Amino acid sequence: AGKNLLIVGGGDSALDWALNFCAGNADGNPHKAESVILVHRRDGFRAAPANVAKMKELCDAYEMQFIVGQVTDLDETEDGNLKGVKVTGGDGVTRVVPCDEVLVFFGLSPKLGPIAEWGLALERKQILVDTEKFSTSVPGIFAVGDINTYPGKKKLILSGFHEAALAAFGAMPIINPEKRVHLQYTTTSPKLHKVLGVESPVFD
């Protein structure tokens, strides 16, 4: 609030934050910034079209500013405090943009890195797994989340939790082959209730 903000990104998060800090105090928003500048590497956005349209309206009304370019360096005071950023535009010219705070909302560009050299079966730079245990082509290595692929794969956090649970059950015989795993439910297991510090429910 009350600061000169520079927001970097072109997705929903970047637009949401930019619009939030532009909203006036008359709207009941205590977080109005002194100024908001949005920087994105191109004039196209991955954000919701309504938010993009609202951002452009605010720019036309001089309530915020949008710059096409990429942040290439920081501009600091002698004692190391931020006073601005250097933005290189599509014209190749680098300009210093003064600001008090920088909020960065970049997307992800997933890369396997050294894992690509492990000898795992891959498909389009993702690790192939079975859907029973989420084991890879190498025994003892499991993969869950965005790094894996299989027929019907959905990149959702909810799906990741499901995959992790099955991978944990699949890994247990390798980690501790002598121990039998008992499936317990938080609604009925006295042991889990004790661990969680809750009272066991009484069912009629």
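If only residues of the stretch 127-148 that are surrounded by 17 or more Cβ atoms within 10 Å (Cβ to Cβ) and of a type in the set (S, T, N, Q) are counted, the one that is nearest to I174 (Cα to Cα) is S135. Out of D91, D146, D130, one residue alone is over 30 Å from A47 (Cβ atoms), among the acidic types (D, E) and outside any strand (DSSP E or B). It is D130. As a summary of the residue check, E78 satisfies the conditions (1) at pLDDT below 95; (2) in contact with a Phe, Trp or Tyr (Cβ under 8 Å, 6 or more places away or on another chain) except for the one numbered (2). So which residues in the stretch 105-144 are modelled with pLDDT of 95 or more and under 15 Å from the mean Cα position of the chain (by Cα)? None - no residue of the stretch 105-144 is modelled with pLDDT of 95 or more and under 15 Å from the mean Cα position of the chain (by Cα), so the list stays empty.
Among the candidates T149, T131, single out the residue that is touching a Phe, Trp or Tyr at 6+ places or on another chain (Cβ under 8 Å) and of a type outside the set (D, E).
Values: T149 fails: touching a Phe, Trp or Tyr at 6+ places or on another chain (Cβ under 8 Å).
None of the other options fit; the residue is T131.
Just one of the numbered conditions (1) within 27 Å of A33 (Cα to Cα); (2) not in a loop (DSSP other than H, G, I, E, B) is not true of D79: (2). V97: β-branched (V, I, T), surrounded by 13 or more Cβ atoms within 10 Å (Cβ to Cβ), touching a residue at least 24 places away in the same chain (Cβ under 8 Å) and touching a Gly at 6+ places or on another chain (Cβ under 9 Å), yes or no? Spelling it out, V97 is indeed β-branched (V, I, T), surrounded by 13 or more Cβ atoms within 10 Å (Cβ to Cβ), touching a residue at least 24 places away in the same chain (Cβ under 8 Å) and touching a Gly at 6+ places or on another chain (Cβ under 9 Å). On inspection, G92 passes the criterion of being of a type in the set (G, A, S) and without any contact (Cβ under 8 Å) to a residue 24 or more places away in the chain.
Which of the residues that make up the stretch 46-104 are among the hydroxyl-bearing types (S, T, Y) and in contact with a strand residue (DSSP E or B) (Cβ under 7 Å, 6 or more places away or on another chain)? It would help to see each step written out before you state the result.
Here is the first cut: in the stretch 46-104, the ones among the hydroxyl-bearing types (S, T, Y) are 62, 72, 77, 88, 94.
If the condition is that a residue be among the hydroxyl-bearing types (S, T, Y) and in contact with a strand residue (DSSP E or B) (Cβ under 7 Å, 6 or more places away or on another chain), then T72, T77, T88, T94 are the ones that fit.
Here is the figure for the stretch 40-67: residues that are modelled with pLDDT of 95 or more and touching a Gly at 6+ places or on another chain (Cβ under 6 Å) total 1. When L103, L183, L108 are screened for being among the aliphatic types (A, V, I, L, M), exposed (fewer than 15 other Cβ atoms within 10 Å of the Cβ) and closer than 30 Å to L15 by Cα, only L108 passes. Answer with yes or no whether V85 is in contact (Cβ under 8 Å) with a residue 24 or more places away in the chain, among the β-branched types (V, I, T) and not in a loop (DSSP other than H, G, I, E, B). Here the answer is yes, as V85 does meet what is asked. Here L122 fulfils each of the conditions (1) of a type in the set (A, V, I, L, M); (2) closer than 30 Å to A165 by Cα; (3) touching a residue at least 12 places away in the same chain (Cβ under 8 Å) apart from (3). Has the stretch 69-79 got any residue that is loosely packed, with under 12 Cβ neighbours inside 10 Å and among the small types (G, A, S)? No: zero hits.
Just one of the listed residues (A18, A53, A33) is in a loop (DSSP other than H, G, I, E, B) and without any contact (Cβ under 8 Å) to a residue 60 or more places away in the chain, and it is A33.
I'm trying to understand the selection: among the residues of the stretch 152-195, which are of a type in the set (A, V, I, L, M, F, W, C) and without any contact (Cβ under 8 Å) to a residue 12 or more places away in the chain? Break it down stepwise before answering.
Applying the first criterion (of a type in the set (A, V, I, L, M, F, W, C)) to the stretch 152-195 yields 156-158, 161, 164-169, 171-172, 174-175, 181, 183, 192, 195.
Of everything in the stretch 152-195, those that are of a type in the set (A, V, I, L, M, F, W, C) and without any contact (Cβ under 8 Å) to a residue 12 or more places away in the chain turn out to be L156, I157, L158, F161, A165, A168, M172, I175, L183, L192, V195.
The values are calculated or read from the model by the stated rules, or taken from the named source; none is laboratory data. Only a predicted model underlies this, so the values are computations on that prediction, with no experimental measurement involved. We place every Cβ from the backbone using ideal geometry, glycine too, and count neighbours over all the protein chains shown.
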